[in-house]
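Right, one structure below, let's go through it.
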Amino acid sequence: MEPRQQKGISMSKKISVFGGSAPKPGTSPYQQAYELGMLLGGAGLTVLTGGYTGTMEATSRGASEAGGHVIGVTSAEIEAWRPIGPNAWVAEEWRTETLNERLNALVTSCDAAIALPGGIGTLLEIALTWNQLAVDILQPKPVILLGNGWHTVMEAFFAEFGEYVAMDDRQYLAFAPNPGAALELLTQFLGLA
């Protein structure tokens, strides 16, 4: 399938989507990730995911079915730990040897990042992206945290450790209650309108 462009949006804009590997088809988290993928793919954006199961699969599927281009960033270390291959909707695989290389590719190769609900790995992806933005390793880009869970986590983090997080560093985080709101924020931040 050839990627399509819609409404003049450049396919060169890459959006990394972070999220958990556990959600199964038919569950609310899977459906939310699928909807996000549909919106991103339908907007002509290239989607980068970790390439495997759960929200990575759902986002890849949604983006692919909407005509978007899907890049799956995979890792030999992950596959040695859990034998698995890229999901069926990955159109282009970026193969890495280590988890660190995989994380680096997801964080540095995108124009923006969106985090769906997830666990340790998702938290790591958020923190790594945010930290590299804070110390000017990365060009400014938004990190959009989707859902009430991340909002609650960050409120607790700021309440407990706020003196360690400069107000200027908080500007990189944005919160979206649903996939539609996340796309609206992307449109504003990246000037896609």
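Couple of notes before you dig in:
- Residues considered: ALA105, ALA63, ALA113. Of these, the only one that is in a strand (DSSP E or B), in contact with a Ser or Thr (Cβ under 9 Å, 6 or more places away or on another chain) and under 17 Å from SER12 (Cβ atoms) is ALA113.
- When SER16, SER21 are checked against the criterion of being of a type outside the set (A, V, I, L, M), out of contact with any strand residue (DSSP E or B) (no Cβ under 7 Å at 6 or more places or on another chain) and touching a residue at least 60 places away in the same chain (Cβ under 8 Å), a single residue qualifies: SER21.
- Meets criteria (surrounded by fewer than 18 Cβ atoms within 10 Å (Cβ to Cβ) and out of contact with any Cys (no Cβ under 7 Å at 6 or more places or on another chain)) for VAL143: no
- Qualifying residue in segment 141-160 (condition: among the hydroxyl-bearing types (Ser, Thr, Tyr) and either closer than 16 Å to LEU36 by Cα or in a loop (DSSP other than H, G, I, E, B) (or both)): no
Yes/no matrix, rows are residues, columns are (1) outside any helix (DSSP H, G or I); (2) within 20 Å of SER109 (Cα to Cα); (3) of a type in the set (Gly, Ala, Ser); (4) at pLDDT 95 or above:
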| position | (1), (2), (3), (4) |
| --- | --- |
| ILE15 | yes, yes, no, yes |
| TYR30 | no, no, no, yes |
| GLU35 | no, no, no, yes |
| LEU40 | no, yes, no, yes |
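- Boolean, GLY68 is in contact with a Pro (Cβ under 7 Å, 6 or more places away or on another chain) and assigned to a helix (DSSP H, G or I): no
- Check on ASP168, acidic (Asp, Glu) and at pLDDT 95 or above: no
The values are calculated or read from the model by the stated rules, or taken from the named source; none is laboratory data. Given the structure is predicted, the values throughout are model-derived calculations rather than measurements. Every residue, glycine among them, receives a Cβ derived from its backbone with ideal geometry; neighbour counts consider all protein chains shown.
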